[in-house]
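What follows is a short report on a single structure.
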Amino acid sequence: MSNRLTLAAALATLAASLSLYPLVGGWHWFWIGAGAITAVAVTGALTRLRRLPVVLCALAELAAVLLYLNVEWASTKSAGRLIPTWASLRELRTLASQGLQETGRYAPPAPPDRAILILAVAGIGVIAVATDLLAVRLRRPALAGLPLLVLFCVPLTTSEHQSVAGEMAVFGLGMAGYLTLLAVDGRERLRLWGRLVTVWQHGDDPARDRGSPNTKDLAAAGRRIALAAVVIALFVPLLVPGLAEHKLFAGSGSGNGTGGTQVSLPNPLVQMNSQLHRTDPVDVLSYRTSDPDPQYLQVYVLSNLTTQNWSLALTPGVALRNGQLPAIPGLTARTPTSTEHTTITLAKGLTSSQRTASFLPMPYPAHNVNVNGDWRVDPRTLTMFSAQSLSGLSYTVTSREVSPSEQQLEHDAGPMPGSITNNYLSVPRVFEPLAKLADRITRGQTSAYGQAVALQRWFADSGKFTYSLNVQEPATAQALIQFLTIQRRGYCQQFAFAMAVLARLLGIPSRVAVGYTAGTSVGHNRWVVKTSDAHAWPELYFQGVGWLRFEPTPSGSGGQATADQPTYTLPPVLAPVTGPQTTPTPGATAPATGSIKNRTGPLAKLGDVPGAPGVGGTAAVSHGAPVIWPVLGALAVLALITPRTVRSVRRRRRWRRAVGDRGRAEAAWAELLDDLTDYQVSWSPSASPRALASQVTAARPLATAQDEALTRIARAAERARYAPQPADSAQLRADSNQVRRALAARSTWRVRWRARLVPPSAVLPMRTGLQHALDVFGWMDVAAHRVSGMLRRRSSQPGKAGA
């Protein structure tokens, strides 16, 4: 078996593995994956030294992958830091299990930690084994494209975001690797006949002298067809809007959708993580409101607390009737409220899977919604969901902004209903060590309201915590405990989770909401919300008032930019709490627009807004149609003006570089040949200047003056080439212009306009260059043939054979 084919299979796998770049942060995974591919290639080459069964070859290569993983991630528990042991294998299994869990929590690009890396490298290694066996051992290189295609399909099963340039570059490299594999296999098969028949015959090739068939044109046509197919595969999806919306929507759990259709619930935490790491905020929605100080826009409510995180509660919901929502939980008539009207318009392009629920962003609590479609409402949270698309949806929400007084919140309004105590107070035992911390923070407070405000101040205003995106998601109770006691660095998810847990430990019903801050005012009661405004916050329940938002996340330039603390959480007098405190001021909570670029936040399930990646969101917006048409238009204009520009620049350069009578004669003759090509006058390349002039006058009779100008050009070219002294060239440029005008006058209007706009003399060299560019694999074949020929000649020289 050929080592060349083994190398080609390894390079094809390496090129295809580049398609995974949007899934894992950094490039460390790529180099480790290259090591796994190398291990497979070396093992495969060794197994082919003897004719072994395919099964044994496969087992040997898989063992090589396992050994490589063991050395890379569990060498400290291996025998001699090389041989796997039970302890090292358990370590690999633990890392793999942890990686599978993290892939469900992180959206692309996932952090390149050990658990994520081992999954990526193991996958690349398995694909390398399949490719090597099919292409080299079984000699089925065409089928080897199937495992390579798996690598390309992996990003399509997520909602990762790739730029058009990135997709094209990765696809092109992957296809180049695959076509190289096919070319090498064809080359090896031709060697079985005893002599390599190259696709480009050389002048010194004896086969050509014997009249052997020249396969250059046939092979070049095959390569051009292949590369043309690749180009079409790259550009057609950009031209068809629907094909760009290929990203899948990942859900968790299930619930009854409208009309009895089963729909899955989204994973807000995965969406949140993906949005937090965006550096290019984009518009999600805009709205007009009667509220001068708008509320947050709630999308999800997470009420189930497990040992790992908060999650959505399953509910079939109730049908929305005449736009009227169920009664607001816990709110009584004695609580002051104001009615606000908000008209919300979602960004175009938001789509959702037919089996995944779409949730509406709304100010809480809403009591009436005017929206088209079939929607359902969760009576416990007043969230609205449906299975329909959100693209460009516009709707109006009438909400009640609650404005409780401090005195009302300080006084107990009576016992809470069982629907609250049974669903919003449970805390897993693993969180009980935090009870002492909750008591210490709220020491001296005699009411649930005082405890809640003390918690908020301890998080947001004590100076103990730092807002940072460069932390891992609190996936376990221990991680949350570490955030509260040691690390104290995080983003809104950590702050919201932590305060909600501490509130439950104090006996205050709590839940976590995911949605958006109010966004940024653009004037005339209109606000714009971006991905950087996405947010998570805790909501606490008070009998008689209902669910109230609190804001433990630091705000302003050093925190979540557009977050702010509600007025009812900023009483003028409050008993001291543990730790240094600072009184919030309007300046401390004002949005810091300068920090928006570096403050991306969790996005509720509106799906992927234009340009926004996220696993668990809806299908991505089709960037192809709006972006590609202007690009294609610019390319079309460029294609139209390029030939004319090339022709004009070439003419000026010729005359500028023409030196002396001989140089100007050659320039005039070159211009004549280009003009004949432009105006479709046939001429023979082998004809002498005088014979060619006769051919021109026979095909296009010229006037006396024009014929004399043509004769002077022909004679000047002859004398420049054959006479000791060239003819006088003072009049040659004027003669050249006169002949060009004569040829144009004696041509049809179509030929004339074509010569002006798209001169063939400029197009033909461009087309020839493009044809040679498409023959990239022909270049590789010729280069390899020449290098091998040079090596053979050197080895055959006297004195070197025995060296």
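From the list A96, A115, A142, A120, the lone residue that is assigned to a loop (DSSP other than H, G, I, E, B), among the hydrophobic types (A, V, I, L, M, F, W, C) and either modelled with pLDDT under 85 or within 18 Å of L23 (Cα to Cα) (or both) is A142. Look at (1) assigned to a loop (DSSP other than H, G, I, E, B); (2) of a type outside the set (K, R); (3) open to solvent by 40 Å² or more (accessible area, probe 1.4 Å) and you find that Y424 fails only one, number (3). Within the range 692-705, the set of residues being open to solvent by 40 Å² or more (accessible area, probe 1.4 Å) and part of a helix (DSSP H, G or I) comprises S694, Q695, T697, A698, A699, T704, A705. In the range 35-54, the condition of being surrounded by fewer than 17 Cβ atoms within 10 Å (Cβ to Cβ), over 22 Å from R139 (Cα atoms) and free of Cβ contacts under 8 Å to residues at least 12 places away in the same chain is met by no residue. Of the residues that sit in the range 375-396 and are assigned to a strand (DSSP E or B) and more than 16 Å from R321 (Cβ to Cβ), which one is farthest from the chain's Cα centre (by Cα)? Across the range 375-396, the extreme among qualifying residues is T396.
If I filter the range 655-672 for residues that are under 54 Å from the mean Cα position of the chain (by Cα), under 19 Å from A755 (Cα atoms) and open to solvent by 20 Å² or more (accessible area, probe 1.4 Å), do I get at least one hit? Yes; the residues of the range 655-672 include at least one that is under 54 Å from the mean Cα position of the chain (by Cα), under 19 Å from A755 (Cα atoms) and open to solvent by 20 Å² or more (accessible area, probe 1.4 Å).
For the range 498-511, the criterion of being more than 19 Å from I420 (Cβ to Cβ) and either outside any strand (DSSP E or B) or open to solvent by 10 Å² or more (accessible area, probe 1.4 Å) (or both) is met by at least one residue.
What strands (runs of 3 or more DSSP E) completely inside the range 284-374 contain at least 3 residues that are within 30 Å of S521 (Cβ to Cβ) and either acidic (D, E) or over 29 Å from the mean Cα position of the chain (by Cα) (or both)?
Filter on the range 284-374 gives 337-346, 366-370.
State yes or no: is E401 assigned to a strand (DSSP E or B) and either open to solvent by 60 Å² or more (accessible area, probe 1.4 Å) or touching a Ser or Thr at 6+ places or on another chain (Cβ under 9 Å) (or both)?
Yes; evaluated as a whole, the condition is true for this residue.
Listed by position, the helices (runs of 4 or more DSSP H) contained in the range 1-92 that have at least 2 residues being over 23 Å from V184 (Cα atoms) are 28-47, 54-73. Residues of the range 361-392 that are open to solvent by less than 20 Å² (accessible area, probe 1.4 Å), within 18 Å of K530 (Cβ to Cβ) and modelled with pLDDT under 90: L390 alone. Consider L484 carefully, then state whether it is over 18 Å from S555 (Cβ atoms), open to solvent by less than 40 Å² (accessible area, probe 1.4 Å), among the aliphatic types (A, V, I, L, M) and touching a residue at least 40 places away in the same chain (Cβ under 8 Å). When the stated conditions are applied, L484 passes them. Residues in the range 457-513 that are closer than 21 Å to Y541 by Cβ and among the β-branched types (V, I, T): V501, I508, V512.
Given the residues S747, S761, which is the only one that is closer than 29 Å to R647 by Cβ, open to solvent by less than 50 Å² (accessible area, probe 1.4 Å), modelled with pLDDT of 85 or more and not in a helix (DSSP H, G or I)?
That would be S747, the only listed residue that is closer than 29 Å to R647 by Cβ, open to solvent by less than 50 Å² (accessible area, probe 1.4 Å), modelled with pLDDT of 85 or more and not in a helix (DSSP H, G or I).
Considering only the range 614-638, state which residues are modelled with pLDDT of 80 or more and surrounded by 12 or more Cβ atoms within 10 Å (Cβ to Cβ). Within the range 614-638, none qualify.
Matching residues to (1) in contact (Cβ under 8 Å) with a residue 60 or more places away in the chain; (2) in contact with a helix residue (DSSP H, G or I) (Cβ under 6 Å, 6 or more places away or on another chain); (3) of a type outside the set (K, R):
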{"residue": "Q456", "(1), (2), (3)": "yes, yes, yes"}
{"residue": "D461", "(1), (2), (3)": "yes, no, yes"}
{"residue": "A498", "(1), (2), (3)": "no, yes, yes"}
{"residue": "I508", "(1), (2), (3)": "yes, yes, yes"}
{"residue": "Y516", "(1), (2), (3)": "yes, yes, yes"}
{"residue": "S521", "(1), (2), (3)": "no, no, yes"}
{"residue": "V529", "(1), (2), (3)": "yes, no, yes"}
{"residue": "A534", "(1), (2), (3)": "yes, yes, yes"}
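Scanning the range 431-478 for residues that are open to solvent by 30 Å² or more (accessible area, probe 1.4 Å), in a helix (DSSP H, G or I) and either of a type in the set (S, T, N, Q) or at pLDDT below 90 (or both) turns up E432, P433, Q451, Q478.
Residue pairs whose Cβ atoms lie under 7 Å apart, sitting 6 or more positions apart in sequence or on different chains, and linking a residue in the range 305-316 that is under 13 Å from A496 (Cβ atoms) to a partner that is open to solvent by 60 Å² or more (accessible area, probe 1.4 Å), are L305/S426; W310/N304.
The values are calculated or read from the model by the stated rules, or taken from the named source; none is laboratory data. All figures in this text were calculated on a predicted structure; none of them were measured in a lab. So basically every Cβ, Gly included, is an ideal-geometry build from the backbone, and we count neighbours across all protein chains shown. With ligands, DNA and RNA removed, areas are computed over all heavy atoms of the protein, side chains included. Shrake-Rupley method; radii C 1.70, N 1.55, O 1.52, S 1.80 Å.
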